[in-house]
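Chemist: What follows is a structure written as structure tokens; I'll ask about it next.
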Amino acid sequence: MRLPKFEHLQPTRLDEAFDLLERHKGEAKLLAGGTDIIVRMKHRMMTPKYLVSLSRIPDLDYIRSDDGALKIGAMARLNDIGDHPVVNKDWAILAQAARSIGSVQSRNRATMAGNICNASPSADSAPSLIALNSQVVLVSKGGERILPVEEFFKGPGETAIKAGEILKEIQVPKMNPKSGGYYLKYSMRGAMDLAIVGVACIVTPNGKAGYCEDVRIVLGAVCPTPLRIREAEEALKNKAVDEAVLEKAARIAMDESCPISDVRSSAEYRKKMVKVMTRRAFNKALSLAKAK
Ligand SMILES: Cc1cc2nc3c(=O)[nH]c(=O)nc-3n(C[C@H](O)[C@H](O)[C@H](O)COP(=O)(O)OP(=O)(O)OC[C@H]3O[C@@H](n4cnc5c(N)ncnc54)[C@H](O)[C@@H]3O)c2cc1C
């Protein structure tokens, strides 16, 4: 399958990239790793006249811990995030989510910024980023704004990014050292396939057996955007969590989900799996927290 004709623009500074986006407004798209946009172009789902590559702009591929927060640059590759020792130690759920995306070859090119800008309902990094209360830094000629990742998704393929803006950085606050987090992805072919259901869960036990001071549950692939299930979280907080309590919370998550039927699964099956996987993700996150 041949790519449609396009011009590849390679700015070496962010302000040059802003100029190109302005000059070719409506006809240009940003290019990060290209693992998604190039495939879409081949299938004629998108036919931009210009691709503005971020790859020659220096210092956009950093992964660093600043004042306890994790900062991920727009060009940081998924493999580098998934293998990073500090991310694995202090934000293990995010490293795990990064490793759950595609093949090693695609993760060597693909970025986490591209994963969320793509705004696929099944984007595997989104549930964990939301559960971690992460933010994105959006920059443009006019300046910079910071937005919670939870508010970034507007619908399938739609984000809060405005024309001329570039997602420059993902910021992830420090995880409570007592917390455990787990991203559970269910797909037919593991990381090589898109999620049928994804559940990110972060649990913070409060020391009293069976009690949690904080629980965060975010679903992927079962609504037009990733969905935090606050009612299910409340059902699990500050009480002894037994089978009945967990069953109730998992049912709330199932009822809140609004999946569609597609080539991967029926909506009905997805809903049932939300319940099963919410329980599993909670139990796994709790056992990781207890092991600390
Ligand atoms: C075979 C295959 C398997 C895959 N498996 C998975 C999977 O298991 N899970 C999953 O979640 N995804 C999967 N994907 C989708 C894709 O690989 C990921 O979403 C990847 O992280 C996209 O990153 P990228 O850097 O390649 O983005 P690109 O393709 O370069 O860009 C994606 C979109 O984001 C925009 N964009 C990129 N960077 C920025 C930025 N900094 N600011 C503003 N806009 C930006 C681009 O304009 C484009 O619209 C798969 C894709 C393929 C082809």
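The values are calculated or read from the model by the stated rules, or taken from the named source; none is laboratory data. The structure presented is a predicted model; accordingly, all values stated were derived computationally and were not measured. Glycine also receives a Cβ, built like all others from the backbone with ideal geometry; neighbour counts cover every protein chain displayed. Only protein heavy atoms, including side chains, enter the accessible area calculation; ligands, DNA and RNA are left aside. Shrake-Rupley method; radii C 1.70, N 1.55, O 1.52, S 1.80 Å.
Chemist: How much of the calculated P(r) for region 180-290 lies past 25 Å, in percent of all Cα pairs?
Modeler: Counting every Cα pair in region 180-290, those more than 25 Å apart make up 18 percent.
Chemist: Near residue 173, within a Cβ-to-Cβ distance under 14 Å, what is the net charge of the other residues, with Lys and Arg +1 and Asp and Glu -1?
Modeler: Summing Lys and Arg as +1 and Asp and Glu as -1 gives -3.
Chemist: State the three equivalent ellipsoid semi-axes of the chain, derived from the C-alpha gyration tensor as the square roots of 5 times its eigenvalues, in descending order and whole Å.
Modeler: Listed largest to smallest, the semi-axes of the chain are 34, 21, 16 Å.
Chemist: I want to verify a result. In a Gaussian network model of the chain, Cα cutoff 10 Å, which of these has the top mean-square fluctuation: 47, 278, 204?
Modeler: With Cα springs under 10 Å in the chain, the top fluctuation among 47, 278, 204 is at 47.
Chemist: With the dipole of the chain worked out from charges on the C-beta (+1 for Lys and Arg, -1 for Asp and Glu) around the Cα centre, which of 55, 197, 263 lies farthest toward the positive end?
Modeler: So the residue furthest toward the plus end is 263.
Chemist: Taking every Cα atom in region 37-177, find the radius of gyration and the maximum pairwise distance Dmax, and write them in Å.
Modeler: Rg and Dmax of region 37-177, Cα atoms, are 14.6, 48 Å.
Chemist: List the lysines whose alpha-carbon lies under 30 Å from that of residue 5, not counting same-chain residues fewer than 8 positions away?
Modeler: Result set, ordered by chain and number: 25, 29, 42, 49, 141, 154, 162, 168.
Chemist: Separate question: Mind checking which lysines have their Cα closer than 24 Å to the Cα of residue 272? Skip sequence neighbours fewer than 8 apart in that chain.
Modeler: 185, 237, 248, 284
Chemist: Sticking with this structure for a sec: Using 0.36 nm per residue of separation minus the Cα-Cα distance, give me the extension gain between residue 211 and residue 237 in nm, one decimal.
Modeler: Full-extension gain reported as 8.7 nm.
Chemist: Turning to a different aspect of this structure: When the chain is modelled as a GNM with alpha-carbon springs shorter than 10 Å, which of 64, 109, 264 fluctuates the most?
Modeler: Among 64, 109, 264, the largest GNM mean-square fluctuation belongs to 264.
Chemist: Next question, about the same structure. Could you calculate the contour length gain from residue 44 to residue 267, that is, 0.36 nm times the residue separation minus the distance between their Cα atoms, to one decimal place in nm?
Modeler: 77.6 nm
Chemist: For the chain, calculate the relative contact order in percent as a whole number, restricting contacts to Cα pairs under 8 Å that are 6 or more residues apart.
Modeler: 15 percent
Chemist: Please give the Cα centre distance for region 51-115 versus region 133-161, rounded to the nearest Å.
Modeler: 17 Å
Chemist: Leaving ligands, DNA and RNA out of it, report the carbon-plus-sulfur percent of the accessible area of region 170-234 at a 1.4 Å probe.
Modeler: 55 percent
Chemist: Here is a follow-up. Given springs between every Cα pair under 10 Å in a Gaussian network model of the chain, which of 273, 41, 112 has the largest fluctuation?
Modeler: The residue that fluctuates most here is 41.
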